[in-house]
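**Q** Below is the structure I would like to discuss, written out as structure tokens.
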Protein chains: 2
Amino acid sequence: MGKKRVTLADVARLAGLSTTAASMILTGRPDTRLSPEAHKKVHDAAASLGYRPNVAARALRTDKSRSIAFISDYVATTRFASGLIRGALSAAEQAKHVMLVLETGGEPAREIQAVETALDRQVDGLIFAAMRAREVFVPDLAINVPVVMLNGTSARFPISVLPAEYEGGRRAVELLVSSGITKDIVLLGHNAKQEEGLFRSETISRRFMGIRDAMADAGLTFAAELSCWNWEPNFGYDLTRKLLKTQRPRALLCLNDRLAFGAYQALGEAGIRTPEDVALVSFDNDELASYLRPGLTTIGLPHEEMGSRAVELLLAPSRIPQTNLIDMPVVMRGSLPHNCS
Amino acid sequence: MGKKRVTLADVARLAGLSTTAASMILTGRPDTRLSPEAHKKVHDAAASLGYRPNVAARALRTDKSRSIAFISDYVATTRFASGLIRGALSAAEQAKHVMLVLETGGEPAREIQAVETALDRQVDGLIFAAMRAREVFVPDLAINVPVVMLNGTSARFPISVLPAEYEGGRRAVELLVSSGITKDIVLLGHNAKQEEGLFRSETISRRFMGIRDAMADAGLTFAAELSCWNWEPNFGYDLTRKLLKTQRPRALLCLNDRLAFGAYQALGEAGIRTPEDVALVSFDNDELASYLRPGLTTIGLPHEEMGSRAVELLLAPSRIPQTNLIDMPVVMRGSLPHNCS
DNA sequence: CCGCTTTGCTAAATCCATTTAGCACATGCT
DNA sequence: AGCATGTGCTAAATGGATTTAGCAAAGCGG
């Protein structure tokens with residue numbers, strides 16, 4: 001049975017050198033004094049035997065496993081998750097790390113489990129991802145590896161990656177303005193007065209601020225602000241229908257694509273055309289947005305980039321505490337009128 | 001610095017026993033002859049020190065790591081992926097395993113990388129997941145751990161988990177029939193004659209067969225079969241628009257929810273009501289399906305269950321080669337007329 | 001009381017790579 | 001020649017668990 005794996009000792013034997021030499025050469029130590037011939041012999045031997053280091057043995061010795069844990073509250077529920085995971089995955093792959101994915105459902109018991117499981121496996125870092133940006137509960141365990149908060153924040157761990165919501169909010173308004181729309185703009189999904197004191201999340205409030213500041217800068221006010229807590233299509237639909245009974249907006253600034261989706265449905269039923277009659281801008285760049293007719297112009301949530309940035313920060317040698325804001329790209333589609341200015 | 005982790009030796013020392021004893025007790029060996037008092041002492045010591053075994057050390061010795069690798073072609077691109085991952089994750093958690101997620105983009109080089117990486121880490125099993133069901137390329141490496149194919153098949157690895165498409169196909173037709181619809185049914189997304197010889201995938205052809213058999217059993221034929229290769233909303237829209245120019249169907253049997261989405265758009269524009277004028281049934285149970293108005297009745301792809309089944313099979317002691325067909329549930333919403341029979 | 005089995009437990013080897021400490025030889029300088 | 005320095009390499013310890021082989025004491029039958 002040639003079944004056993006090739007070990008470093010086998011390589012060393014074939015190369016006619018010690019395992020010490022083989023180890024130093026294969027791990028590429030810098031100030032080793034081994035001869036070029038030794039290097040060649042070891043590399044050749046390793047290649048011809050198809051040597052692959054035993055990660056467990058290496059981890060045992062070095063306390064590093066070239067792996068990171070991605071601990072998130074929900075992985076499936078949302079279109080968000082996969083973008084974050086995918087981004088993280090690709091950055092991890094680039095850095096020759098693997099990624100353990102753990103889901104906690106937001107339950108403290110499972111969070112503790114997840115952290116312990118990860119730490120048991122000598123992960124080199126932890127990413128706490130939240131599907132809705134917020135202050136994240138992190139179990140109160142001794143964590144002796146770097147931590148990055150992804151799409152969330154934590155007082156204990158000051159490095160976080162968030163979308164640049166303020167700027168994104170501004171952009172949505174600027175898009176409207178530069179399309180020549182300066183009145184009868186309705187905000188769909190939030191009403192500042194009604195929601196006074198209610199807190200949605202870290203990031204969403206920044207989105208609101210960006211929107212409000214940009215409106216003020218342009219000297220505009222909303223014709224109406226329609227509040228709803230869950231930004232799901234049916235609410236967008238209901239709100240828009242109700243709106244259309246009393247007024248005819250020129251534009252809908254929707255707080256996410258699902259609301260916009262509902263709005264499309266209500267507008268469609270009412271025989272109102274987009275963008276000729278009513279223009280729309282929205283947030284997220286959901287898969288949905290590209291399915292709509294006309295395509296929905298939206299300020300995208302940069303999930304993949306956030307995911308990969310999180311991993312890069314985690315693995316970076318100098319990790320400066322700070323919140324990293326990732327740019328929210330404007331995704332132009334057809335829901336705004338062309339401006340010929 | 002009490003920083004160092006607690007080791008088994010520490011536990012043994014506190015319990016006043018050997019590490020051998022501690023190990024045997026904590027791993028719950030069956031036919032050990034250690035006394036009940038010894039058991040208690042070791043467990044107490046472990047608890048009071050907060051002992052957690054070093055997984056790397058254990059893996060080194062036993063060649064088992066309580067981890068599995070989930071190797072998929074695409075994780076983000078599709079709504080499918082997260083369901084599969086989530087299901088797998090929860091089954092893994094239940095079995096006290098962790099899951100490495102690896103993405104290959106379908107590129108052979110990355111597939112090889114992924115398998116080697118996984119094997120290097122002593123994973124206890126490999127899941128190859130395909131986002132589109134198909135015969136999957138598996139790199140020709142010596143793989144000495146169990147493998148399960150998820151949403152795909154491979155000649156080399158006979159254990160696979162697939163949706164029960166044939167039965168699902170039948171159900172879609174039966175739904176129509178039991179709603180009292182027996183004529184003017186149009187199949188959206190496939191035309192048997194035009195696509196003769198073209199192969200979409202393992203599973204989709206079974207869906208077709210189920211549909212055709214059920215139609216035949218009910219003595220029905222399609223009023224039209226509209227072919228298109230990519231089942232995306234815009235094709236559903238175009239096809240439906242074209243269809244409506246020449247005929248008025250009673251029902252659309254859509255081959256997936258995205259096509260159905262496009263069909264909704266075309267129907268809406270034409271002022272045709274669902275389900276009164278045209279009924280729809282579809283496949284997948286995409287997130288989309290619940291957003292539509294009325295909700296889309298669809299035969300769901302059981303992603304989560306597939307994912308967890310794959311892990312269960314992987315970890316099951318007796319692994320019988322076979323393809324495991326997971327039931328596709330009927331998800332009733334409002335796109336079929338109520339039948340008062 | 002002797003020899004045999006059972007009970008309860010442990011010493012030491014093992015898994016494999018990394019790393020510390022240091023050996024043997026060559027070279028350079030005075 | 002004598003000593004320091006540099007060069008090229010290795011023996012052995014190490015990390016933390018599991019596992020094999022086996023020891024000492026107690027129990028039992030005759």
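The values are calculated or read from the model by the stated rules, or taken from the named source; none is laboratory data. Note that the structure is predicted; figures quoted are calculated from it, not measured. Cβ coordinates were reconstructed from backbone atoms using ideal geometry, including for glycine residues, and neighbour counts include every protein chain displayed.
**Q** Right, B:Val42: crowded, with 16+ Cβ neighbours inside 10 Å, under 30 Å from A:Ala88 (Cβ atoms) and within 14 Å of DNA strand D (Cβ to nearest atom) or not?
**A** no
**Q** Could you say whether any residue in the range B:19-30 is farther than 20 Å from B:Lys96 by Cβ and away from DNA strand D (no atom under 11 Å from the Cβ)?
**A** Checking the range B:19-30: not a single residue is farther than 20 Å from B:Lys96 by Cβ and away from DNA strand D (no atom under 11 Å from the Cβ).
**Q** How about the range B:95-112: which of its residues are part of a helix (DSSP H, G or I) and touching a residue at least 24 places away in the same chain (Cβ under 8 Å)?
**A** Answer for the range B:95-112, where residues must be part of a helix (DSSP H, G or I) and touching a residue at least 24 places away in the same chain (Cβ under 8 Å): B:Pro108, B:Glu111, B:Ile112.
**Q** Tell me the residue from A:Val115, A:Val75 that is of a type in the set (Val, Ile, Thr), more than 15 Å from DNA strand C (Cβ to nearest atom) and in contact with a helix residue (DSSP H, G or I) (Cβ under 8 Å, 6 or more places away or on another chain), please.
**A** After applying the criteria, what remains is A:Val75.
**Q** Across the range A:111-143, what is the total count of residues that are crowded, with 16+ Cβ neighbours inside 10 Å, away from chain B (no Cβ under 14 Å) and over 20 Å from A:Ser308 (Cα atoms)?
**A** Residues in the range A:111-143 being crowded, with 16+ Cβ neighbours inside 10 Å, away from chain B (no Cβ under 14 Å) and over 20 Å from A:Ser308 (Cα atoms): 2 in total.
**Q** Here are the criteria: (1) free of Cβ contacts under 8 Å to residues at least 40 places away in the same chain; (2) within 10 Å of DNA strand D (Cβ to nearest atom). Tell me which single one A:Asp63 does not satisfy.
**A** Unmet condition: (1).
**Q** Identify, please: which residue in the range B:45-62 is loosely packed, with under 14 Cβ neighbours inside 10 Å and of a type in the set (Ser, Thr, Tyr) and is, among those, farthest from the other protein chains (Cβ to nearest Cβ)?
**A** Top of the filtered list is B:Ser48.
**Q** If you don't mind, another one. Can you tell me which of A:Leu17, A:Leu60, A:Leu49, A:Leu34 is among the aliphatic types (A, V, I, L, M), within 8 Å of DNA strand C (Cβ to nearest atom) and over 30 Å from A:Ala130 (Cα atoms)?
**A** That would be A:Leu60, the only listed residue that is among the aliphatic types (A, V, I, L, M), within 8 Å of DNA strand C (Cβ to nearest atom) and over 30 Å from A:Ala130 (Cα atoms).
**Q** State all residues of the range A:113-159 that are outside any loop (DSSP other than H, G, I, E, B) and of a type in the set (Ser, Thr, Tyr); if no residue qualifies, say none.
**A** Selection gives A:Thr117, A:Thr153.
**Q** Go through (1) in the same structural domain as A:Ala129 (by TED's automatic domain parsing); (2) modelled with pLDDT under 95; (3) surrounded by 16 or more Cβ atoms within 10 Å (Cβ to Cβ) and name the single condition A:Leu314 misses.
**A** Unmet for A:Leu314, out of (1) in the same structural domain as A:Ala129 (by TED's automatic domain parsing); (2) modelled with pLDDT under 95; (3) surrounded by 16 or more Cβ atoms within 10 Å (Cβ to Cβ): (2).
**Q** Based on this model, can you work out whether B:Ser72 counts as within 14 Å of chain A (Cβ to nearest Cβ), more than 8 Å from DNA strand D (Cβ to nearest atom) and either touching a Lys or Arg at 6+ places or on another chain (Cβ under 8 Å) or closer than 20 Å to A:Val123 by Cα (or both)?
**A** So B:Ser72 fails the test.
**Q** Take the conditions hydroxyl-bearing (Ser, Thr, Tyr), within 11 Å of chain A (Cβ to nearest Cβ) and touching a Ser or Thr at 6+ places or on another chain (Cβ under 7 Å) and apply them to B:Ser65. Does it pass?
**A** Answer is no for this residue.
**Q** Quick one: is A:Ala289 touching a strand residue (DSSP E or B) at 6+ places or on another chain (Cβ under 9 Å), in contact (Cβ under 8 Å) with a residue 24 or more places away in the chain and away from chain B (no Cβ under 14 Å)?
**A** Spelling it out, it is not the case that A:Ala289 is touching a strand residue (DSSP E or B) at 6+ places or on another chain (Cβ under 9 Å), in contact (Cβ under 8 Å) with a residue 24 or more places away in the chain and away from chain B (no Cβ under 14 Å).
**Q** Which one of these does B:Arg319 not meet: (1) under 30 Å from B:Met99 (Cβ atoms); (2) crowded, with 22+ Cβ neighbours inside 10 Å?
**A** Unmet for B:Arg319, out of (1) under 30 Å from B:Met99 (Cβ atoms); (2) crowded, with 22+ Cβ neighbours inside 10 Å: (2).
**Q** Now for a separate question. Filter the range A:224-267 for residues that are within 14 Å of chain B (Cβ to nearest Cβ) and surrounded by fewer than 18 Cβ atoms within 10 Å (Cβ to Cβ); which is farthest from the chain's Cα centre (by Cα)?
**A** A:Arg241
**Q** I'd like to know if the range B:17-38 contains one or more residues that are at pLDDT below 95, over 41 Å from the mean Cα position of the chain (by Cα) and basic (Lys, Arg).
**A** yes
**Q** Quick check on this structure: which one of B:Ala56, B:Ala9 is of a type in the set (A, V, I, L, M, F, W, C) and within 7 Å of DNA strand D (Cβ to nearest atom)?
**A** The unique qualifying residue is B:Ala9.
**Q** Could you list, in sequence order, all residues of the range B:292-325 that are in contact with a strand residue (DSSP E or B) (Cβ under 6 Å, 6 or more places away or on another chain) and of a type in the set (Lys, Arg)?
**A** B:Arg309
**Q** How many residues, within the range A:1-14, are more than 10 Å from DNA strand C (Cβ to nearest atom) and hydrophobic (A, V, I, L, M, F, W, C)?
**A** 2
**Q** Can you pull out the residues in the range B:96-110 that are among the hydrophobic types (A, V, I, L, M, F, W, C) and at the interface with another protein chain (Cβ under 9 Å from one of its Cβ atoms)?
**A** B:Val98, B:Met99, B:Leu100, B:Val101, B:Leu102
**Q** Among the candidates A:Leu89, A:Leu26, single out the residue that is surrounded by 14 or more Cβ atoms within 10 Å (Cβ to Cβ), touching a helix residue (DSSP H, G or I) at 6+ places or on another chain (Cβ under 8 Å) and either of a type in the set (Asp, Glu) or farther than 20 Å from B:Ile112 by Cα (or both).
**A** A:Leu26
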